[in-house]
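Each value in this text was obtained by applying a stated rule to the coordinates, not by laboratory testing. The structure displayed is predicted, hence computed values, not measured ones. Positions of Cβ are backbone-derived with ideal geometry, glycine not excepted, and every protein chain shown enters the neighbour counts.
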C-alpha cells in the first residue's frame, strides 16, 4: 500500500460556492477523498496521512506561507511516505511550484501540487482528475521532484515540471509550461514523456539553504508608460524586472528619464540595489536595448521563467548577504529551472 502525505492548503479545490461566493470550507477540504473513493478503483492501494499547515485562497499567499508549508512537511517523518500531494489554488500555483522546487531539493520523493479550475461540486471541475493523475504518477513513475498534473478543459492531461510551469493564461483556467513544453502527458492511464528533463546541478549540496524567503525583492512588470518615479526603494534589496517576450524593456529617454529602465538601474546602483532581468533567451544576437541594460550593470537571468527567477531570488536574498554568492546561486541550475535551448 502506497503511503501518501496529503497536505491541504485551501484554494478552489478546497472551496464551495455559497450565495454566489467561492470560499474555502472545512468540509469541502475533505470532499476530494470522498470523490476519490467513488470514482477511483485503485483507491484502496493508497493510505493518506493528512496535515493542514495553512488554509487560504492562493491569491492571499505571501512568502511566509511557503516557509510554513515546507517546514510543516519536513517536520514529518518523510521516510515512511511514497509521495507528497499538496492541494493548492490556481492563482499563485506557478510561484509555489517553483518555490517548493528550490526549497525542497533534499526531499527525495515525488511532490505533486494539485489544483482545480472549479470547486469540486461543479461537474466541470478538473480537480479530481488532476488528483488521480498525481496518485498514478506516484504509483507508476516514482520520480523525485516537484510536479504539477493539470488538465486544461477539452485537452489531454499534462504533467508540468515545477520550475517550468507558467502562470495561468489570462481570462482562462488553462496552464502551460514555458515554451509549451510540458514534461509528460497522461492518457488511458499511461504516461508518455514529451520533453527531456534537464538534470539539476548537484552543487545544491554546497549551498546549505534554509527555508527562508526575503521580503525585500521588488518585481516590476513592463508596460507602455511605466513611470519609474513611482517606486519607493527604501525597503528594497534587489529588483527583478520582467521583460517583454524578446528580452527587452524601454531604454529610451525620448519621453523623459523617468520612463527609461536605464535611468532606473542607475538609481538602483546608487542605492546599492542589484537589478536582475528576466526572462530572456541567451543567443548569439540580442536587441540593442538589451545590450544597453547589461552595460548599465543589470544581471540577466538567462533561460528561466519569471516565476522561477522571482522565487529563486527570494530564496537567495533570504539566505545570503554577499552579492557574488547571490549571483552564483541564481546562475546555478539547481532544480532544472534553466531551459535548454536547442
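For the peptides 325-333, 310-318, the ranking by packing is 310-318, 325-333, with the highest mean count of neighbouring Cβ atoms within 10 Å listed first. With the highest mean first, a sort of the peptides 180-193, 92-105, 225-238 on other beta-carbon atoms found within 10 angstrom per residue produces 92-105, 180-193, 225-238. Legend: ranking of residues 74, 262 from fewest to most surrounding C-beta atoms inside 10 Å; resulting order 74, 262. Please give the helix 93-103 orientation as an angle from the longest Cα principal axis of the chain, in degrees from 0 to 90, rounded to the nearest 10. It is inclined by approximately 80 degrees. Fully extending the segment from residue 255 to residue 47 would add 68.6 nm, taking 0.36 nm per residue of separation and subtracting the current Cα-Cα distance. Going by neighbour counts of Cβ atoms within 10 Å, the residues 133, 168 line up, fewest first, as 168, 133. Bridges between two residues of the chain, per DSSP, are antiparallel at a rate of about 35%.
Based on C-alpha pairs under 8 angstrom that are at least 6 apart in sequence, the chain has a relative contact order of 14 percent. When Kirkwood radius over Cα pairs in Å is calculated for this entry, the matching label among (i) 20.2; (ii) 21.6; (iii) 21.0 is (iii).
For the chain, adding -39500 (n - 2.57) for each run of n ≥ 4 DSSP H residues and dividing by the number of residues yields -7000 deg cm²/dmol at 222 nm. Multiplying the residue separation of residue 21 and residue 192 by 0.36 nm and removing their Cα-Cα distance gives an extension gain of 57.7 nm. How far is helix 306-319 tilted, in degrees, relative to the longest principal axis of the Cα atoms in the chain, given as a value from 0 to 90 rounded to the nearest 10? It is inclined by approximately 80 degrees.
What do you get for the angle between helix 63-74 and the principal long axis of the chain? Use alpha-carbon atoms, 0 to 90 degrees, nearest ten. Once rounded, one gets 40 degrees.
The DSSP beta bridges internal to the stretch 2-193 are antiparallel in roughly 50% of cases.
The gain in end-to-end length when the residue 106 to residue 266 segment is fully stretched comes to 53.7 nm, 0.36 nm per residue minus the alpha carbon separation.
The ranking of 116, 260, 246 from fewest to most other beta carbons within 10 Å of each one's beta carbon is 246, 260, 116. What separates the Cα centres of the stretch 19-86 and the stretch 241-283 is a distance of 40 Å. Placing dummy labels 7 Å off each Cα toward the beta-carbon, the span from residue 325 to residue 223 is 3.8 nm.
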